[in-house]
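The values are calculated or read from the model by the stated rules, or taken from the named source; none is laboratory data. Bear in mind that the values here come from a model prediction, so they are computed numbers and not experimental data. Every residue, glycine among them, receives a Cβ derived from its backbone with ideal geometry; neighbour counts consider all protein chains shown.
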Amino acid sequence: MDFEPPFQGACKSLLQNSPIIDKFPEVEECELPVIDLIDLDSNHRNRDKCMNEIAEAASQYGFFQVVNHGISPEVLNSIRDEQKKVFHQPFDKKIEQRFLNLSPISYRWGNPNATCLRQFSWSEAIHISMADIPSMNEQHKSLRSIIESFVKNVSQLAESLAEILAQPLGVESSYFKDHCPPRTSFLRLNRYAPCPFSSQVFGLFAHTDSAFLTIVHQDQVGGLELFIDGRWIGVKPNPEALVVNIGDFFEALSNGVYKSIKHRVITNHKVERFSVAYFYCPSFDTVIQSRSTTEPAVFKSFTLREYKQQTERDVRELGEKVGLPRFLH
């Protein structure tokens with residue numbers, strides 16, 4: 001099909017030079033904590049209990065799910081339909097310099113820096129900065145419109161969750177409003193193509209997210225796996241829920257109280273999978289500093305700019321991101 005990236009050609013040498021693996025080990029499937037955000041209503045008797053559940057899930061698992069999150073099923077279904085349309089455009093069109101009238105590096109596929117098979121991603125993605133949404137071209141007006149609707153709601157959700165998580169840390173209530181203006185976050189549309197080597201190649205290799213928070217809407221195909229307590233576990237899709245996970249910046253800010261957990265996506269031999277992720281990020285020069293009144297700082301202070309520069313060096317030299325361990329004291 002002319003919309004598929006040339007995955008097989010790109011990882012041909014990696015396949016030839018990698019040991020044959022019959023299949024990835026079976027993993028146990030689990031249901032992440034599901035938190036009903038209707039309890040956050042200011043007059044709800046369970047408000048404090050709900051806030052505690054959010055903080056507990058962030059510290060124990062680094063991942064949780066939320067329902068009654070304020071984003072309608074119609075918006076979620078529409079964004080999946082629109083991203084399917086855009087990913088099913090010809091590959092030659094997707095790699096054009098100004099595809100969707102976004103920056104030249106917005107559309108990405110595979111991993112050109114992979115040094116081994118386990119670093120290759122059998123997937124494609126469109127990275128969209130919040131600042132670039134208004135410039136998306138007119139022929140994709142319906143995609144732009146549904147993205148605007150999604151972002152309006154998910155950005156409010158991210159700020160609300162971040163403020164709740166900040167309270168037990170003693171972080172001032174204005175911190176995220178001051179340091180995470182709307183234009184600094186971004187959206188990523190993901191498509192995981194059917195993979196004939198699904199026993200050997202990841203849809204997305206193991207990594208942690210950089211942002212304060214990531215909020216993900218995934219379809220029902222499944223494939224998301226988390227590394228918790230020394231083992232990989234699969235996340236059972238929940239059609240009513242959004243998946244929320246802690247990123248490196250929040251682990252650093254919390255002095256290690258909240259956990260940025262490694263996760264990956266397994267490929268499917270027969271069907272494609274779609275997801276959309278919102279990354280709640282600070283401005284480039286925001287200083288991320290561990291907050292603790294009782295414990296020594298686990299991490300050195302750093303800015304997003306410094307973190308990004310270090311990550312780019314690691315990806316060039318190692319083929320993958322190292323992340324927060326680079327900033328340990």
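Results, tabulated for the structure shown:
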{"item": "Inter-residue pairs, beta-carbon under 7 Å, first touching a residue at least 24 places away in the same chain (Cβ under 8 Å) and crowded, with 19+ Cβ neighbours inside 10 Å and in segment 184-201, second among the charged types (D, E, K, R) and in a loop (DSSP other than H, G, I, E, B), 6+ apart", "result": "Arg191/Glu272; Tyr192/Glu272; Ala193/Glu4; Ala193/Glu272"}
{"item": "Exclusive hit being farther than 21 Å from Lys85 by Cβ and either of a type outside the set (Phe, Trp, Tyr) or surrounded by 14 or more Cβ atoms within 10 Å (Cβ to Cβ) (or both), set Glu124, Glu159", "result": "Glu159"}
{"item": "Top-ranked residue of segment 93-121 - restricted to ones that are without any contact (Cβ under 8 Å) to a residue 40 or more places away in the chain and β-branched (Val, Ile, Thr), ranked as nearest to Glu82 (Cα to Cα)", "result": "Ile95"}
{"item": "Residue tally, condition in a loop (DSSP other than H, G, I, E, B) and of a type in the set (A, V, I, L, M, F, W, C), over segment 49-105", "result": "4"}
{"item": "Failed condition for Arg118, given (1) outside any helix (DSSP H, G or I); (2) surrounded by 17 or more Cβ atoms within 10 Å (Cβ to Cβ); (3) modelled with pLDDT under 85", "result": "(1)"}
{"item": "Residue selected from segment 57-67 under the condition modelled with pLDDT of 95 or more and not small (Gly, Ala, Ser), by the criterion surrounded by the fewest Cβ atoms within 10 Å (Cβ to Cβ)", "result": "Val67"}
{"item": "Residue within segment 228-236 that is acidic (Asp, Glu) and crowded, with 18+ Cβ neighbours inside 10 Å present", "result": "no"}
